[in-house]
Amino acid sequence: MSYDLVIKNGQVILESGAVVTDLAVKDGKIAAIGENLSADQEVDAKGLIVSPGMFDCHVHITENGGGYRDEWEGYVTGTSACAKGGVTSFLEMPLNQVPATTDEASIKDKYQSGQGKLKVDVFSFGGLVPYNVETGGIQELNENGVTAYKCFMATCGDRSIDGDFQNVDDYSLYEGMKQIAKTGKVLAIHAENAAITDRLGEKAKAEGKSKLSEYVATRPVFTEVEPIQRAILFAKETGCRIHICHVACPEGVEAVIKGQQEGVDVTCETCLHYLYFTTDQLDAIGNVAKCSPPIRDKEAQDGLWDYVFSGDIISSISDHSPCTPDLKDKENAFDAWGGISGVQNDVDVFFDEAVNKRGMSLEQFAQVIATQPARRFGIDDTKGSLSVGKDADIVLIDPNKSYVLAAEDLEYRNKISPYIGSEIGATVMATYVRGHEVYSKDKGVTEEFVGEFK
(Lines give C-alpha, C1' and ligand atoms only; values in the text may rest on other atoms or scores of the structure.)
Protein backbone atom coordinates (compact mmCIF):
# COMPACT_ATOMS: atom_id res chain seq x y z
CA MET A 1 0.00 0.00 0.00
CA SER A 2 1.10 3.56 -0.69
CA TYR A 3 0.86 5.64 2.49
CA ASP A 4 0.40 9.41 2.85
CA LEU A 5 2.57 9.71 5.96
CA VAL A 6 4.78 7.48 8.07
CA ILE A 7 5.94 8.43 11.57
CA LYS A 8 9.08 6.41 12.12
CA ASN A 9 11.15 5.21 15.09
CA GLY A 10 8.96 6.72 17.82
CA GLN A 11 7.78 5.05 21.01
CA VAL A 12 4.20 4.41 19.92
CA ILE A 13 1.61 4.07 22.69
CA LEU A 14 -0.69 1.19 21.74
CA GLU A 15 -3.50 -0.10 23.94
CA SER A 16 -1.33 -3.14 24.65
CA GLY A 17 1.66 -1.01 25.68
CA ALA A 18 4.33 1.26 24.20
CA VAL A 19 6.69 -0.05 21.52
CA VAL A 20 9.29 1.51 19.24
CA THR A 21 7.82 1.09 15.77
CA ASP A 22 6.48 2.93 12.71
CA LEU A 23 2.95 4.22 12.19
CA ALA A 24 1.47 4.81 8.74
CA VAL A 25 -1.40 7.09 7.73
CA LYS A 26 -3.63 6.83 4.66
CA ASP A 27 -6.68 9.00 3.89
CA GLY A 28 -6.74 10.41 7.40
CA LYS A 29 -6.81 7.01 9.09
CA ILE A 30 -4.16 4.90 10.78
CA ALA A 31 -3.41 2.35 8.06
CA ALA A 32 -0.59 0.25 9.52
CA ILE A 33 1.63 -0.12 12.57
CA GLY A 34 4.86 -2.06 12.19
CA GLU A 35 8.49 -2.16 11.09
CA ASN A 36 10.04 -0.63 7.99
CA LEU A 37 7.01 1.28 6.72
CA SER A 38 7.69 3.98 4.15
CA ALA A 39 5.99 6.88 2.38
CA ASP A 40 6.89 10.01 0.45
CA GLN A 41 6.33 12.01 3.65
CA GLU A 42 8.21 10.58 6.60
CA VAL A 43 8.71 12.01 10.08
CA ASP A 44 11.55 10.73 12.23
CA ALA A 45 10.22 10.50 15.79
CA LYS A 46 13.29 8.90 17.33
CA GLY A 47 13.40 9.75 21.02
CA LEU A 48 9.80 11.00 20.99
CA ILE A 49 6.57 9.59 22.42
CA VAL A 50 3.91 8.94 19.77
CA SER A 51 0.61 9.25 21.63
CA PRO A 52 -3.03 9.42 20.64
CA GLY A 53 -4.05 13.06 20.54
CA MET A 54 -5.96 14.22 23.57
CA PHE A 55 -9.76 14.20 23.63
CA ASP A 56 -10.61 16.91 26.16
CA CYS A 57 -14.22 16.30 27.12
CA HIS A 58 -14.66 19.68 28.82
CA VAL A 59 -13.87 22.87 26.87
CA HIS A 60 -15.70 26.22 26.65
CA ILE A 61 -15.63 28.25 23.42
CA THR A 62 -17.59 31.51 23.42
CA GLU A 63 -18.59 31.93 19.81
CA ASN A 64 -21.17 33.21 18.97
CA GLY A 65 -20.75 35.78 21.76
CA GLY A 66 -24.05 37.44 20.91
CA GLY A 67 -22.65 40.94 21.42
CA TYR A 68 -21.98 40.16 25.09
CA ARG A 69 -18.90 37.90 25.02
CA ASP A 70 -17.45 38.60 21.59
CA GLU A 71 -13.93 39.18 22.99
CA TRP A 72 -13.83 35.88 24.88
CA GLU A 73 -12.37 32.69 23.35
CA GLY A 74 -13.32 32.08 19.72
CA TYR A 75 -12.98 28.99 17.55
CA VAL A 76 -9.84 30.16 15.73
CA THR A 77 -7.84 30.91 18.87
CA GLY A 78 -9.31 28.11 20.94
CA THR A 79 -8.65 25.40 18.38
CA SER A 80 -5.20 26.85 17.65
CA ALA A 81 -4.37 26.44 21.34
CA CYS A 82 -5.61 22.86 21.15
CA ALA A 83 -3.38 22.17 18.14
CA LYS A 84 -0.31 23.61 19.85
CA GLY A 85 -1.10 21.67 23.01
CA GLY A 86 -1.74 18.23 21.48
CA VAL A 87 -5.53 18.29 21.88
CA THR A 88 -6.86 16.84 18.63
CA SER A 89 -10.55 16.88 19.55
CA PHE A 90 -12.77 18.17 22.33
CA LEU A 91 -16.32 18.22 23.61
CA GLU A 92 -17.57 21.79 23.59
CA MET A 93 -19.72 22.99 26.46
CA PRO A 94 -23.15 24.55 25.70
CA LEU A 95 -22.17 27.78 27.51
CA ASN A 96 -20.89 30.59 27.50
CA GLN A 97 -22.11 31.26 23.98
CA VAL A 98 -25.10 33.53 23.43
CA PRO A 99 -27.50 31.96 22.84
CA ALA A 100 -26.61 28.90 24.89
CA THR A 101 -26.86 25.60 23.03
CA THR A 102 -30.25 24.41 24.25
CA ASP A 103 -32.39 23.71 21.15
CA GLU A 104 -32.30 23.24 17.38
CA ALA A 105 -31.92 26.93 16.52
CA SER A 106 -29.06 27.52 18.94
CA ILE A 107 -27.04 24.46 17.96
CA LYS A 108 -27.38 25.42 14.29
CA ASP A 109 -26.19 28.90 15.25
CA LYS A 110 -23.16 27.30 16.92
CA TYR A 111 -22.33 25.20 13.87
CA GLN A 112 -22.62 28.27 11.65
CA SER A 113 -20.47 30.39 13.98
CA GLY A 114 -17.64 27.87 13.78
CA GLN A 115 -17.80 27.12 10.08
CA GLY A 116 -14.32 27.22 8.54
CA LYS A 117 -12.69 28.18 11.86
CA LEU A 118 -11.68 24.80 13.32
CA LYS A 119 -8.13 23.48 13.48
CA VAL A 120 -9.12 20.38 15.47
CA ASP A 121 -12.31 18.30 15.63
CA VAL A 122 -15.21 19.46 17.81
CA PHE A 123 -17.98 17.43 19.41
CA SER A 124 -20.95 19.16 21.05
CA PHE A 125 -22.72 19.16 24.36
CA GLY A 126 -26.36 20.16 24.44
CA GLY A 127 -27.61 22.02 27.49
CA LEU A 128 -30.19 20.88 30.02
CA VAL A 129 -31.79 24.03 31.44
CA PRO A 130 -35.14 24.72 33.12
CA TYR A 131 -36.49 26.44 30.00
CA ASN A 132 -35.97 23.56 27.54
CA VAL A 133 -37.42 20.59 29.40
CA GLU A 134 -40.97 21.65 28.49
CA THR A 135 -40.30 22.76 24.91
CA GLY A 136 -38.73 19.71 23.27
CA GLY A 137 -35.24 21.19 23.35
CA ILE A 138 -33.66 17.96 24.60
CA GLN A 139 -35.10 16.04 21.67
CA GLU A 140 -34.11 18.74 19.16
CA LEU A 141 -30.51 18.62 20.37
CA ASN A 142 -30.46 14.85 20.04
CA GLU A 143 -31.78 15.07 16.48
CA ASN A 144 -29.10 17.65 15.62
CA GLY A 145 -26.15 15.54 16.62
CA VAL A 146 -25.09 16.38 20.17
CA THR A 147 -22.70 13.86 21.67
CA ALA A 148 -23.88 14.40 25.25
CA TYR A 149 -25.70 16.82 27.55
CA LYS A 150 -24.58 19.20 30.31
CA CYS A 151 -26.29 20.85 33.26
CA PHE A 152 -25.31 23.00 36.24
CA MET A 153 -26.49 22.38 39.78
CA ALA A 154 -24.41 25.43 40.81
CA THR A 155 -25.64 28.93 40.03
CA CYS A 156 -24.62 30.03 36.54
CA GLY A 157 -25.60 32.33 33.72
CA ASP A 158 -26.58 35.98 33.50
CA ARG A 159 -30.33 36.45 33.85
CA SER A 160 -30.09 39.84 32.13
CA ILE A 161 -28.99 38.13 28.90
CA ASP A 162 -31.80 36.56 26.90
CA GLY A 163 -30.91 33.00 25.99
CA ASP A 164 -28.04 32.62 28.46
CA PHE A 165 -27.47 29.32 30.26
CA GLN A 166 -29.29 28.62 33.53
CA ASN A 167 -28.76 26.12 36.32
CA VAL A 168 -31.33 23.43 36.95
CA ASP A 169 -33.63 23.12 39.94
CA ASP A 170 -34.41 19.65 41.26
CA TYR A 171 -37.53 19.25 39.14
CA SER A 172 -35.88 20.24 35.85
CA LEU A 173 -32.94 17.96 36.68
CA TYR A 174 -35.30 15.05 37.33
CA GLU A 175 -37.45 15.70 34.27
CA GLY A 176 -34.43 16.38 32.08
CA MET A 177 -32.79 13.15 33.19
CA LYS A 178 -35.90 11.22 32.20
CA GLN A 179 -35.81 12.74 28.72
CA ILE A 180 -32.06 12.29 28.27
CA ALA A 181 -32.31 8.66 29.41
CA LYS A 182 -34.46 8.01 26.34
CA THR A 183 -31.63 9.19 24.07
CA GLY A 184 -29.12 6.85 25.70
CA LYS A 185 -26.61 9.68 25.95
CA VAL A 186 -24.65 10.88 28.96
CA LEU A 187 -25.57 13.89 31.10
CA ALA A 188 -22.48 15.69 32.43
CA ILE A 189 -23.13 17.56 35.66
CA HIS A 190 -21.51 20.50 37.44
CA ALA A 191 -22.29 19.45 41.00
CA GLU A 192 -22.24 22.14 43.68
CA ASN A 193 -24.98 23.10 46.13
CA ALA A 194 -26.09 26.48 44.81
CA ALA A 195 -28.15 27.58 47.83
CA ILE A 196 -25.34 27.02 50.31
CA THR A 197 -22.37 28.23 48.26
CA ASP A 198 -24.20 31.37 47.13
CA ARG A 199 -25.13 32.31 50.69
CA LEU A 200 -21.71 31.52 52.13
CA GLY A 201 -20.16 33.71 49.46
CA GLU A 202 -22.52 36.58 50.18
CA LYS A 203 -21.81 36.39 53.91
CA ALA A 204 -18.04 36.23 53.45
CA LYS A 205 -18.02 39.25 51.15
CA ALA A 206 -20.25 41.20 53.56
CA GLU A 207 -17.72 40.42 56.30
CA GLY A 208 -14.98 42.05 54.20
CA LYS A 209 -13.29 38.92 52.98
CA SER A 210 -11.65 39.28 49.59
CA LYS A 211 -8.82 36.76 49.14
CA LEU A 212 -8.99 33.82 46.80
CA SER A 213 -8.22 31.46 49.68
CA GLU A 214 -11.23 32.93 51.51
CA TYR A 215 -13.37 32.25 48.44
CA VAL A 216 -12.29 28.60 48.61
CA ALA A 217 -13.54 28.42 52.19
CA THR A 218 -17.06 29.35 51.06
CA ARG A 219 -17.26 26.22 48.90
CA PRO A 220 -16.44 23.46 51.41
CA VAL A 221 -16.11 19.83 50.36
CA PHE A 222 -19.60 18.81 51.50
CA THR A 223 -21.18 21.35 49.11
CA GLU A 224 -19.62 19.38 46.27
CA VAL A 225 -20.32 15.89 47.63
CA GLU A 226 -24.00 16.40 48.49
CA PRO A 227 -25.13 17.33 44.96
CA ILE A 228 -23.06 14.46 43.53
CA GLN A 229 -25.01 12.14 45.81
CA ARG A 230 -28.30 13.79 44.83
CA ALA A 231 -27.52 13.49 41.13
CA ILE A 232 -26.68 9.81 41.56
CA LEU A 233 -29.99 9.26 43.37
CA PHE A 234 -31.87 10.95 40.50
CA ALA A 235 -29.93 8.87 37.99
CA LYS A 236 -30.85 5.69 39.83
CA GLU A 237 -34.50 6.74 39.67
CA THR A 238 -34.51 7.77 35.99
CA GLY A 239 -31.99 5.41 34.41
CA CYS A 240 -30.00 8.36 33.06
CA ARG A 241 -26.29 7.83 32.42
CA ILE A 242 -24.31 10.58 34.17
CA HIS A 243 -20.78 11.95 34.36
CA ILE A 244 -19.66 14.21 37.20
CA CYS A 245 -17.55 17.08 35.93
CA HIS A 246 -14.34 18.48 37.47
CA VAL A 247 -14.37 16.63 40.80
CA ALA A 248 -12.08 18.56 43.15
CA CYS A 249 -12.10 16.30 46.21
CA PRO A 250 -11.55 12.59 46.82
CA GLU A 251 -14.82 12.42 48.76
CA GLY A 252 -16.62 13.24 45.50
CA VAL A 253 -14.92 10.32 43.76
CA GLU A 254 -15.91 8.08 46.66
CA ALA A 255 -19.55 9.05 46.13
CA VAL A 256 -19.21 8.10 42.46
CA ILE A 257 -17.67 4.73 43.32
CA LYS A 258 -20.52 4.05 45.76
CA GLY A 259 -23.02 4.90 43.02
CA GLN A 260 -21.31 2.50 40.64
CA GLN A 261 -21.48 -0.23 43.27
CA GLU A 262 -25.23 0.40 43.50
CA GLY A 263 -25.62 -0.11 39.76
CA VAL A 264 -25.73 3.50 38.57
CA ASP A 265 -24.03 4.28 35.25
CA VAL A 266 -21.86 7.11 36.57
CA THR A 267 -18.26 8.24 35.96
CA CYS A 268 -16.20 11.28 36.86
CA GLU A 269 -13.32 13.46 35.72
CA THR A 270 -10.96 15.84 37.45
CA CYS A 271 -9.10 18.91 36.18
CA LEU A 272 -5.44 19.40 35.54
CA HIS A 273 -5.43 22.46 37.80
CA TYR A 274 -6.63 20.41 40.78
CA LEU A 275 -3.72 18.05 40.20
CA TYR A 276 -1.20 20.89 39.83
CA PHE A 277 -2.11 23.76 42.19
CA THR A 278 -3.13 23.83 45.87
CA THR A 279 -5.05 26.35 47.97
CA ASP A 280 -1.97 27.73 49.70
CA GLN A 281 -0.63 28.96 46.33
CA LEU A 282 -3.75 30.80 45.24
CA ASP A 283 -3.37 34.20 46.91
CA ALA A 284 0.06 34.57 45.31
CA ILE A 285 -1.15 33.46 41.87
CA GLY A 286 -4.27 35.62 41.97
CA ASN A 287 -7.71 35.52 40.40
CA VAL A 288 -6.43 33.87 37.23
CA ALA A 289 -6.63 30.65 39.30
CA LYS A 290 -10.23 31.16 40.45
CA CYS A 291 -12.62 28.37 39.49
CA SER A 292 -15.46 26.33 40.90
CA PRO A 293 -15.33 23.89 42.49
CA PRO A 294 -12.24 25.58 43.90
CA ILE A 295 -8.67 24.36 44.01
CA ARG A 296 -8.34 22.51 47.30
CA ASP A 297 -5.50 21.56 49.67
CA LYS A 298 -2.57 19.17 49.25
CA GLU A 299 -4.39 16.31 50.97
CA ALA A 300 -7.25 16.57 48.49
CA GLN A 301 -4.79 16.77 45.61
CA ASP A 302 -2.97 13.63 46.74
CA GLY A 303 -6.29 11.80 47.01
CA LEU A 304 -7.25 12.83 43.47
CA TRP A 305 -3.94 11.54 42.11
CA ASP A 306 -4.60 8.21 43.82
CA TYR A 307 -7.95 7.95 42.05
CA VAL A 308 -6.42 8.90 38.69
CA PHE A 309 -3.94 6.05 39.06
CA SER A 310 -6.64 3.60 40.20
CA GLY A 311 -8.78 4.45 37.16
CA ASP A 312 -11.74 5.67 39.21
CA ILE A 313 -11.22 9.13 37.69
CA ILE A 314 -11.42 8.49 33.95
CA SER A 315 -9.80 11.68 32.65
CA SER A 316 -7.90 14.84 33.58
CA ILE A 317 -9.41 17.69 31.57
CA SER A 318 -8.86 21.43 31.22
CA ASP A 319 -12.32 22.89 31.85
CA HIS A 320 -10.89 25.63 29.62
CA SER A 321 -13.15 28.53 30.58
CA PRO A 322 -11.50 31.80 29.53
CA CYS A 323 -12.74 35.36 29.75
CA THR A 324 -11.38 38.85 29.13
CA PRO A 325 -8.63 40.11 31.48
CA ASP A 326 -10.83 42.78 33.04
CA LEU A 327 -13.11 40.10 34.48
CA LYS A 328 -10.16 38.59 36.34
CA ASP A 329 -8.56 41.90 37.34
CA LYS A 330 -10.65 42.53 40.45
CA GLU A 331 -9.45 43.61 43.89
CA ASN A 332 -11.96 41.26 45.50
CA ALA A 333 -11.68 37.61 44.43
CA PHE A 334 -15.41 37.15 44.98
CA ASP A 335 -16.05 39.61 42.11
CA ALA A 336 -13.75 37.87 39.62
CA TRP A 337 -14.84 35.50 36.85
CA GLY A 338 -14.45 31.86 37.85
CA GLY A 339 -12.75 29.96 35.08
CA ILE A 340 -9.26 28.79 34.12
CA SER A 341 -7.55 28.93 30.73
CA GLY A 342 -5.68 25.66 30.37
CA VAL A 343 -6.41 23.64 27.23
CA GLN A 344 -3.02 24.39 25.64
CA ASN A 345 -1.28 22.71 28.59
CA ASP A 346 -3.48 19.63 28.88
CA VAL A 347 -0.84 17.28 27.49
CA ASP A 348 2.57 18.65 28.45
CA VAL A 349 1.78 19.47 32.09
CA PHE A 350 -0.10 16.20 32.64
CA PHE A 351 2.70 14.18 31.02
CA ASP A 352 5.30 15.88 33.21
CA GLU A 353 3.26 15.48 36.40
CA ALA A 354 1.93 11.96 35.76
CA VAL A 355 4.67 10.21 33.80
CA ASN A 356 7.87 12.08 34.58
CA LYS A 357 7.23 12.87 38.24
CA ARG A 358 4.90 10.07 39.40
CA GLY A 359 5.84 7.16 37.16
CA MET A 360 2.55 6.64 35.31
CA SER A 361 2.93 4.15 32.46
CA LEU A 362 2.66 5.48 28.92
CA GLU A 363 -0.25 3.11 28.36
CA GLN A 364 -2.21 4.63 31.25
CA PHE A 365 -1.26 8.16 30.17
CA ALA A 366 -2.96 7.51 26.82
CA GLN A 367 -5.94 5.93 28.57
CA VAL A 368 -6.45 9.06 30.70
CA ILE A 369 -6.05 11.69 27.99
CA ALA A 370 -7.78 9.86 25.16
CA THR A 371 -9.09 6.31 25.39
CA GLN A 372 -11.27 6.44 28.50
CA PRO A 373 -13.08 9.73 27.77
CA ALA A 374 -13.61 8.73 24.12
CA ARG A 375 -15.15 5.45 25.25
CA ARG A 376 -17.35 7.13 27.85
CA PHE A 377 -18.82 9.56 25.34
CA GLY A 378 -19.28 6.97 22.61
CA ILE A 379 -16.73 8.17 20.08
CA ASP A 380 -14.17 5.39 20.49
CA ASP A 381 -15.07 3.96 17.08
CA THR A 382 -12.98 6.76 15.52
CA LYS A 383 -11.06 8.46 18.34
CA GLY A 384 -9.13 7.66 21.49
CA SER A 385 -6.34 5.25 20.56
CA LEU A 386 -3.67 4.50 17.98
CA SER A 387 -5.36 1.57 16.25
CA VAL A 388 -5.59 0.64 12.59
CA GLY A 389 -8.78 2.10 11.12
CA LYS A 390 -9.15 4.94 13.61
CA ASP A 391 -8.57 8.62 12.87
CA ALA A 392 -4.89 9.52 12.70
CA ASP A 393 -5.10 11.91 15.67
CA ILE A 394 -1.54 11.91 16.96
CA VAL A 395 0.70 13.99 19.22
CA LEU A 396 4.49 13.74 19.34
CA ILE A 397 5.93 14.49 22.77
CA ASP A 398 9.53 15.07 23.79
CA PRO A 399 9.46 13.66 27.35
CA ASN A 400 12.68 15.38 28.40
CA LYS A 401 12.48 18.82 26.78
CA SER A 402 11.70 21.41 29.45
CA TYR A 403 10.51 24.97 28.97
CA VAL A 404 9.05 27.83 30.99
CA LEU A 405 5.62 28.89 29.78
CA ALA A 406 5.39 32.56 28.80
CA ALA A 407 2.27 34.55 27.93
CA GLU A 408 3.47 34.98 24.34
CA ASP A 409 3.53 31.19 23.95
CA LEU A 410 -0.25 31.04 24.33
CA GLU A 411 -2.58 30.90 21.34
CA TYR A 412 -5.57 32.09 23.38
CA ARG A 413 -7.32 35.29 22.39
CA ASN A 414 -6.70 36.57 25.93
CA LYS A 415 -3.24 35.43 27.00
CA ILE A 416 -3.89 34.74 30.65
CA SER A 417 -3.33 31.45 32.46
CA PRO A 418 -2.23 30.30 35.92
CA TYR A 419 0.39 28.10 34.23
CA ILE A 420 2.39 31.12 32.99
CA GLY A 421 5.81 31.02 34.63
CA SER A 422 5.69 27.28 35.29
CA GLU A 423 8.61 25.11 34.25
CA ILE A 424 7.13 22.22 32.29
CA GLY A 425 9.29 19.16 31.82
CA ALA A 426 7.85 17.88 28.54
CA THR A 427 7.12 19.51 25.19
CA VAL A 428 4.58 18.89 22.42
CA MET A 429 6.63 18.67 19.22
CA ALA A 430 3.87 18.07 16.65
CA THR A 431 0.13 17.45 16.42
CA TYR A 432 -1.82 15.68 13.66
CA VAL A 433 -5.59 15.72 13.16
CA ARG A 434 -6.77 12.94 10.86
CA GLY A 435 -3.24 12.84 9.42
CA HIS A 436 -2.96 16.60 8.82
CA GLU A 437 -0.13 18.33 10.63
CA VAL A 438 -1.83 21.15 12.53
CA TYR A 439 1.19 22.11 14.65
CA SER A 440 4.92 21.56 14.76
CA LYS A 441 7.51 23.02 17.08
CA ASP A 442 9.46 24.33 14.09
CA LYS A 443 6.61 25.80 12.03
CA GLY A 444 3.98 26.65 14.62
CA VAL A 445 0.22 26.28 14.16
CA THR A 446 -0.95 25.65 10.62
CA GLU A 447 -2.92 28.33 8.78
CA GLU A 448 -5.28 25.65 7.45
CA PHE A 449 -8.59 24.83 9.08
CA VAL A 450 -8.83 21.04 8.87
CA GLY A 451 -11.09 20.54 11.90
CA GLU A 452 -14.70 19.45 11.63
CA PHE A 453 -17.82 19.43 13.76
CA LYS A 454 -18.54 15.80 14.60
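The values are calculated or read from the model by the stated rules, or taken from the named source; none is laboratory data. Because the structure is predicted, anything quoted here is derived from the model rather than measured. Cβ: placed from backbone, ideal geometry, glycine included. Neighbour counts: every protein chain shown. Heads up: the accessible areas ignore ligands, DNA and RNA and are worked out on the full protein's heavy atoms, side chains in. Shrake-Rupley method; radii C 1.70, N 1.55, O 1.52, S 1.80 Å.
Taking the residues in region 207-255 that are β-branched (Val, Ile, Thr) and out of contact with any Ser or Thr (no Cβ under 7 Å at 6 or more places or on another chain) as candidates, determine which candidate is most open to solvent (accessible area, probe 1.4 Å).
Val221
Across region 426-444, a minimum of one residue is classified as on the phi > 0 side of the Ramachandran plot, modelled with pLDDT of 95 or more and not in a strand (DSSP E or B).
Residues that are among the hydroxyl-bearing types (Ser, Thr, Tyr) and open to solvent by 10 Å² or more (accessible area, probe 1.4 Å) were ranked within region 300-320; the one that is farthest from Gln344 (Cα to Cα) is Ser310. When the criteria are applied in full, Asp44 meets the requirement of being closer than 23 Å to Glu363 by Cα, surrounded by fewer than 24 Cβ atoms within 10 Å (Cβ to Cβ) and either charged (D, E, K, R) or in contact with a strand residue (DSSP E or B) (Cβ under 9 Å, 6 or more places away or on another chain) (or both). Restricted to region 258-285, and to residues that are β-branched (Val, Ile, Thr) and closer than 22 Å to Lys298 by Cβ, which residue is surrounded by the most Cβ atoms within 10 Å (Cβ to Cβ)? Only one residue tops the list, namely Thr270.
Filtering region 293-331 to residues that are within 19 Å of Cys156 (Cα to Cα) and touching a Ser or Thr at 6+ places or on another chain (Cβ under 7 Å) leaves Ile295, His320, Pro322. Confirm whether Val395 is under 29 Å from Gln281 (Cβ atoms) and open to solvent by 10 Å² or more (accessible area, probe 1.4 Å). Spelling it out, it is not the case that Val395 is under 29 Å from Gln281 (Cβ atoms) and open to solvent by 10 Å² or more (accessible area, probe 1.4 Å).
Scanning region 60-98 for residues that are of a type in the set (A, V, I, L, M, F, W, C), under 19 Å from the mean Cα position of the chain (by Cα) and over 23 Å from Leu386 (Cα atoms) gives Ile61, Trp72, Val76, Met93, Leu95. In region 367-386, of all residues being over 21 Å from Cys240 (Cβ atoms) and open to solvent by 30 Å² or more (accessible area, probe 1.4 Å), the one that is nearest to the chain's Cα centre (by Cα) corresponds to Gln367. Determine, yes or no, whether Ala32 is among the small types (Gly, Ala, Ser) and in a strand (DSSP E or B). Answer is yes for this residue.
Each residue in region 122-168 was checked for being closer than 15 Å to Lys110 by Cα, touching a residue at least 40 places away in the same chain (Cβ under 8 Å) and of a type in the set (D, E, K, R), and 1 of them qualify. Residues that are over 21 Å from Ser321 (Cβ atoms), in a helix (DSSP H, G or I) and touching a residue at least 60 places away in the same chain (Cβ under 8 Å) within region 231-253 comprise Phe234, Glu237, Thr238, Val253, listed in sequence order.
Restricting attention to region 25-43, which residues are farther than 27 Å from Leu91 by Cα and within 30 Å of the chain's Cα centre (by Cα)?
Ala32, Ile33, Val43
In region 13-29, which residue that is part of a strand (DSSP E or B) and more than 24 Å from Glu452 (Cβ to Cβ) is most open to solvent (accessible area, probe 1.4 Å)? Ranking the candidates gives Val20 first. Residues in region 418-437 that are small (Gly, Ala, Ser), open to solvent by less than 10 Å² (accessible area, probe 1.4 Å) and in contact with a Leu (Cβ under 6 Å, 6 or more places away or on another chain): Ala430 only.
Residues that are closer than 20 Å to Ile61 by Cα, among the acidic types (Asp, Glu) and free of Cβ contacts under 8 Å to residues at least 40 places away in the same chain do occur in region 324-339.
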